Amino acid sequence: MLQYDQPDTRGHFGPYGGSFVSETLTHAIDELRAAYARYQNDPDFIAEFRSELAHYVGRPSPVYHAARMSRELGGAQIYLKREDLNHTGAHKINNVIGQAMLARRMGKPRIIAETGAGQHGVATATICARYGLECVVYMGAEDVKRQSPNVYRMQLLGARVVPVESGSRTLKDALNEAMRDWVANVDNTFYIIGTVAGPHPYPMMVRDFQSVIGTECLTQMPELLGPGRQPDAVVACVGGGSNAMGIFYPYIAHEAVQLIGVEAAGQGLDSGKHSASLERGSPGVLHGNRTYILQDENGQITETHSISAGLDYPGVGPEHAWLQDTGRARYVGITDDEALAAFHHLCRTEGIIPALESSHAVAYAMQLAPTMAPGQAILVNLSGRGDKDIGTVADLAGGEYFDRPSQQGATVKGARA
């Protein structure tokens, strides 16, 4: 098996990661790093985390054999890790519980978060309600309109949702505003970052909390495939990359298992309208860490595009950058149209409505399966459910649905004029 021990003690994954923050935040980062180092192996902390996952989230999530879809496509068998069945509807809840538990132990009564698709915001609002913590969620104004069901869910749970009108009004801008809030309120505030990005220790800490996904699969797949067998390929969508790192990390040492991350190719990788940081980006510093980012020749962040709010981000977690450079994982692109087709295909062949984020991974599995033998297996991380996206899909597909963004005077990304 491959020996893998990333990151180093300073949070570097090869040349990526690290901690690039203002002097104002240095104390907060040091405090968080010390707290995580103290509790990550603490038996009481681990026992409480596992109990919350089992009794509040509903873990372990099942692995489902998509037999009808596999049969129709021909080739490899497709299996789905059902993170969409978690409480709140996505993998995001795993990480949020861990960070909220740290916040309580650190005596931080106020929580801030940023969100794109809204699933991280809903998970954060949910845990804050459960633990009695104040909750403020920053969200790009573009995402507020295309993910309005999740905005209302956060408000129902007692969170204050702050629309961000600056920049492209998406996840990047929400993260900028959350950082500003943290600088101003660092004494009483814990910032729950939702993906494997940000300054050290966030990329490592989020990965660790999310690795429950892959750890469960290591036990579940041999039960489905036969003793000792693991899937031939593991596929997951990548925006910031938390669901992908969650399922990839326990498989990194299993060199026979291909790891494939699927980025949002939007209207095409050569169109300029995509969010494919690894395929079309270059190394730079964004939101406190060094990684691949989408930038122009002057180092300015370029505008991104995806029909999926959760993938609409110009950077990626630094560990993904390292996995790409070392060849342990490879990254591919799926367009808006391909993801939308996969969304409909999974609905109609398996009775599962996937999130648009997850639909990118499903779309690539649909392309990959026919190139493989029927005895081989592809494991797809179905990171979230698509309830939140049905208004957007209705607008994109011209569906008869009377609660969609266009009926509120809004146009969603990817819609044809």
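The values are calculated or read from the model by the stated rules, or taken from the named source; none is laboratory data. Here the structure is a predicted model, which is why all the values come from computation and not from measurement. Glycine also receives a Cβ, built like all others from the backbone with ideal geometry; neighbour counts cover every protein chain displayed. To get the accessible areas, we keep the full protein, side chains included, count just its heavy atoms, and leave off ligands, DNA and RNA. Shrake-Rupley method; radii C 1.70, N 1.55, O 1.52, S 1.80 Å.
Taking the Cα centre of the chain as origin, work out the dipole magnitude from +1 charges on Lys and Arg Cβ and -1 charges on Asp and Glu Cβ, in debye rounded to 20.
660
Highest first, please rank the peptides 118-124, 337-343, 22-28, 132-138 by the mean number of other Cβ atoms sitting within 10 Å of their residues. Please list the in-between numbers first.
On the way: 118-124: 30.6, 337-343: 21.9, 22-28: 12.9, 132-138: 20.0.
Most protected by this proxy first, the peptides run 118-124, 337-343, 132-138, 22-28.
So for the chain, taking the charge dipole from beta-carbon charges (+1 Lys/Arg, -1 Asp/Glu), which of 163, 93, 238 sits furthest toward the positive end?
About the Cα centre, the residue reaching furthest to the positive side is 93.
Go from 0 up to the bin containing the longest alpha carbon distance in the range 185-260, width 10 Å each, and give me the % of pairs per bin.
Once binned at 10 Å, the Cα pair distances of the range 185-260 give 19, 43, 23, 10, 4, 0.
What is the distance in Å between the Cα centroid of the range 277-303 and that of the range 74-97?
Cα centroid of the range 277-303 versus Cα centroid of the range 74-97: 29 Å apart.
Nearest 0.05, what FRET efficiency do residue 5 and residue 34 give at R0 = 22 Å with Cβ-Cβ as r?
Numbers: r = 21 Å, r/R0 = 0.95.
With R0 = 22 Å, the Cβ-Cβ based efficiency is 0.60.
Which length gain, in nm to one decimal place, applies between residue 51 and residue 72 when the Cα-Cα distance is subtracted from 0.36 nm times their residue separation? Before the final figure, lay out each step's value.
On the way: separation 21, 0.36 × 21 = 7.56 nm, distance 3.97 nm.
In short, 3.6 nm is gained.
What's the center-to-center distance, using Cα atoms, between the range 13-45 and the range 165-236 in Å?
So the separation of the two Cα centres works out to 15 Å.
For residue 108, which aspartates and glutamates qualify as cross-link partners when the Cα separation must be under 17 Å and same-chain residues fewer than eight apart are set aside?
30, 31, 134, 181, 187
Considering the dipole of the chain built from charges on the beta carbon (Lys and Arg +1, Asp and Glu -1) around the Cα centre, which of 368, 313, 135 is farthest to its positive end?
Value computed over the given set: 135.
How large are Rg and Dmax for the range 48-125 when calculated on the C-alpha trace, in angstrom?
Rg, Dmax (Cα atoms, Å): 16.4, 54.
Output needed: percent of Cα pairs per 5 Å distance bin for the range 101-182, bins running from 0 to the one holding the longest distance.
3, 19, 28, 24, 16, 7, 3, 0
Under the classification rounded if a/c is under 1.5, otherwise prolate if a/b is larger than b/c and oblate if not, where does the range 20-72 fall, given a ≥ b ≥ c as square roots of the Cα gyration tensor eigenvalues?
On the way: a/c = 4.67, a/b = 1.93, b/c = 2.42.
Because a/c hits 1.5 or more and a/b fails to exceed b/c, the range 20-72 counts as oblate.
For the chain, compute the orientation-averaged projected area of the C-alpha convex hull (one quarter of its surface), in nm².
On the way: hull surface 75.8 nm².
Over every viewing direction, the Cα hull of the chain projects on average to 19.0 nm².
Mind checking which lysines have their Cα closer than 21 Å to the Cα of residue 172? Skip sequence neighbours fewer than 8 apart in that chain.
Within the straight-line cut-off, residue 172 pairs with 92, 145, 273, 388, 413.
Specify which residue in the list 342, 394, 377 is farthest towards the positive end of the charge dipole of the range 330-416, using unit charges on the beta carbon of Lys, Arg (+1) and Asp, Glu (-1), about the Cα centre.
Highest projection toward the positive end goes to 377.
Sorted from largest down, what three extents in whole angstroms do the Cα atoms of the range 1-94 have along their principal axes?
56, 35, 30
Which value at 222 nm does the chain reach when only helices count, each DSSP H run of 4 or more adding -39,500 (n - 2.57), with the total divided by all residues and rounded to the nearest 500 deg cm²/dmol?
Values: 16 runs with 169 residues, N = 417.
Here the helix-only value at 222 nm equals -12000 deg cm²/dmol.
Are there cysteines in the chain with no second cysteine's Cβ under 4.7 Å away, and if so, which?
So far as the 4.7 Å Cβ criterion goes, 217, 237, 347 stand without a partner in the chain.
Which of rounded, prolate or oblate describes the range 321-417 when judged by the alpha-carbon gyration tensor and an a/c cut-off of 1.5? The partial results should precede the final answer.
Details: a/c = 2.60, a/b = 1.75, b/c = 1.48.
Judged from the Cα gyration tensor, the range 321-417 comes out prolate (a/c at least 1.5, a/b above b/c).
Using packing as a proxy for protection, rank 37-45, 393-401, 204-212 so that the peptide with the highest average count of other Cβ atoms within 10 Å comes first.
204-212, 393-401, 37-45
Separation between the residue 371 and residue 87 pseudo-spin-labels, each 7 Å from Cα along Cα→Cβ, expressed in nm?
About 4.1 nm, to one decimal.
Ignoring ligands, DNA and RNA, what accessible area per residue does the range 167-229 give at 1.4 Å, in Å²? Please list the in-between numbers first.
Values: 2020 Å² over 63 residues.
With the other protein chains kept in place, the range 167-229 gives 32 Å² per residue.
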